[in-house]
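The block underneath contains the structure these notes are about, expressed in structure tokens.
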């Protein structure tokens, strides 16, 4: 994958000060720190390191990454390392992709109460999947799954939803059988939607009663118990969308999906097209019109404002595991599943998927095209600049 011509960091360096002036006290110190990290990512300000090819010995100087989880440039290696750990969790069965989303009225509440409402979104969706799957009228089994929180739509608007990746089956209540779901069908989405709505709104009501929600501006009236109860009643009358996509077909396809979804940020640098006259143009998929590729142009300050809508609360975990995959019992439960499925070893599923995930880090040696660049020496900011200058001088004089 080629390096993008425009990056979010470029937009921050050019228009970040205007954003700070426009938002004033409404821009938190945490978001200011994130802007600074992203702006200095892979610049001399963070120092550097020497990378050496593990095959031919070729060396190059590189500046350090900021490692912020909101940075488009810092996700590839984290994603690749995470995928290595996930390979051992996959079972030789079909996998399903289930998406839980919330109405716009809830999204507005979530924007002012991220930690509380995102946590409720995780809890309600997980309880819904586990309860419906355990019901003998549906699957009658204990399932395991991974959930990933996304908070954005294609045009950077706030759109919180959870993607769940679920094996097509689970353990019987007594743990003696693997129960498979029907081919191509996991659980009924209308039932999932109704149960999810009930669980979510009950948890939201409880959070309000416990004083865990706060409201400002147009939502300030929701502090009042009667007004909040009226809002809940209106939400009970809506159909909540749960979407089940066609099955992946196996572990290799699951890994490829996870490589693209787990460590995403609100927008990748490759979607950025231009920054001119104080405006930013980027591409997006128009799902309402058959996923057609379209472009949108926003004022640069508005672009950055939307980007910062998706900053997560400090310490908030956006990838979670449930049921059979819960950390406490994962090893024993998966070993039991493999035994019942006749899988005698733990295979490595399509190792090349890791290379796809890490390609953004440009690990392939530019000289021999076979080895991989490995960090061999740390450099201070001054040392990194001096070594870069010396490298360029040698290139210019050759």
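What follows is calculated from the coordinates using simple rules that are stated; it is not laboratory data. Because the structure is predicted, anything quoted here is derived from the model rather than measured. Positions of Cβ are generated from backbone atoms using ideal geometry, with glycine treated the same way; all protein chains shown enter the neighbour counts.
For segment 48-94, a/c is not less than 1.5, where a ≥ b ≥ c are the root eigenvalues of the C-alpha gyration tensor, and a/b does not top b/c. That puts it in the oblate class. Using the Cβ-Cβ distance between residue 14 and residue 298 with R0 set to 22 Å, the FRET efficiency from 1/(1 + (r/R0)^6) comes to roughly 0.95.
Determine the shape class of segment 272-326: with a ≥ b ≥ c the square roots of the Cα gyration tensor eigenvalues, call it rounded for a/c under 1.5, and otherwise prolate if a/b is greater than b/c, oblate otherwise. Since a/c reaches 1.5 but b/c is at least a/b, the shape of segment 272-326 is classed as oblate. Suppose R0 equals 41 Å. What FRET efficiency, 1/(1 + (r/R0)^6) with r the Cβ-Cβ distance, do residue 82 and residue 221 give to the nearest 0.05? For residue 82 and residue 221, the calculated efficiency is 0.45. The overall shape of segment 114-271, judged from the alpha-carbon gyration tensor, is oblate: a/c is not under 1.5, and a/b is no greater than b/c. Values (1) 26.3, 103; (2) 23.7, 77; (3) 19.5, 58 are given for comparison; Rg and Dmax of the Cα atoms in Å, derived from the coordinates here, is the one labelled (2). At what distance in angstrom do the alpha carbon centres of segment 235-252 and segment 50-122 lie from each other? For segment 235-252 versus segment 50-122, the Cα centre distance is 21 Å. Exposure proxy ranking for 164, 382, based on other Cβ atoms within 10 angstrom of each Cβ and starting from the fewest, stands as 382, 164. The mean sequence distance of close C-alpha pairs (under 8 Å, at least 6 residues apart), as a share of the length of the chain, puts its relative contact order at 29 percent. Where only DSSP H runs of four or more residues are counted, the chain gives -12500 deg cm²/dmol as its mean residue ellipticity at 222 nm, each run worth -39500 (n - 2.57).
Extending 7 Å from the Cα toward the beta-carbon at both residue 339 and residue 134 defines two label points whose distance is 2.3 nm.
The alpha-carbon atoms of segment 204-330 define a convex hull whose volume equals 218 cubic angstrom per residue.
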